[in-house]
Amino acid sequence: MSAEQVKELRALTGAGFMDCKRALEKTGGDVSKAVDLLREKGLAAAAKKSGRITAEGAVGSYIHGNGRIGVLVEVNCETDFVAKNSDFQDLVHDICMHVAAANPRYVAKENVAPEVLEHEKQVLINQAINEGKKPEIAEKVVAGRLEKFISEICLLEQPFVKDPDISVGKLVQQKIAQFGENISVRRFSRFEMGEGLQKRQDDFAAEIARLQQK
């Protein structure tokens, strides 16, 4: 296998040099198949680690736009050694920036309240019916749209803002493989200046009347 192929595969997967070389050898140099092979192995390795307790980690913060948006994120890992690692700290910072930019509502799709999903499903069904689809067909076609809705509101499902080719969840999986221990995003809070407040509406007619009286 050429060094360029190995380099390309490493860039796509974040896997180690020898893992990439073996994957390319097993797939006859087919990079896309090697990506799938490494992804399967990476996911399997991550699944074995996913049950481990993550009691260490870090709370990261990010302020954007001269204080207009602020984010706090808690990312957990297994050991204090990894928590203090600069790559782990970079991961926490990147997730903070992502939350600031993408404004997710939940960490993972498992966190979405059933009533939220049911409400969105009904909206999508009615939307499909208004497009001319029969009710029995409409319920079937909304599955893909509902998945899109979930991917838009859940942090781990969203395309990572610094690399839209992978999701935030895939980014975390890559770091699990890199560090060899479980990593999880536990929670986040995003604050935007004035969010939820009723903006003062200027009464221009009253203002003009006051000016005329002067």
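The values are calculated or read from the model by the stated rules, or taken from the named source; none is laboratory data. Please read these numbers as outputs of a predicted model, since none were measured by experiment. Here the Cβ is made from the backbone with ideal geometry for all residues, glycine too, and neighbour counts use every protein chain on show.
At-a-glance table
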| read-out | value |
| --- | --- |
| Residue count for segment 24-68, restricted to those that are at pLDDT below 85 and over 20 Å from Phe188 (Cβ atoms) | 22 |
| Conditions (1) part of a strand (DSSP E or B); (2) farther than 21 Å from Lys175 by Cα; number of the one not met by Val75 | (2) |
| Residue check for Leu156: at pLDDT 85 or above and buried (at least 19 other Cβ atoms within 10 Å of the Cβ) | yes |
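Each row is one residue, and each column tells you yes or no for (1) without any contact (Cβ under 8 Å) to a residue 24 or more places away in the chain; (2) under 30 Å from Gln174 (Cα atoms).
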position: Cys96; (1), (2): no, yes
position: Ala102; (1), (2): no, yes
position: Lys109; (1), (2): no, yes
position: Leu124; (1), (2): no, no
position: Gly144; (1), (2): yes, yes
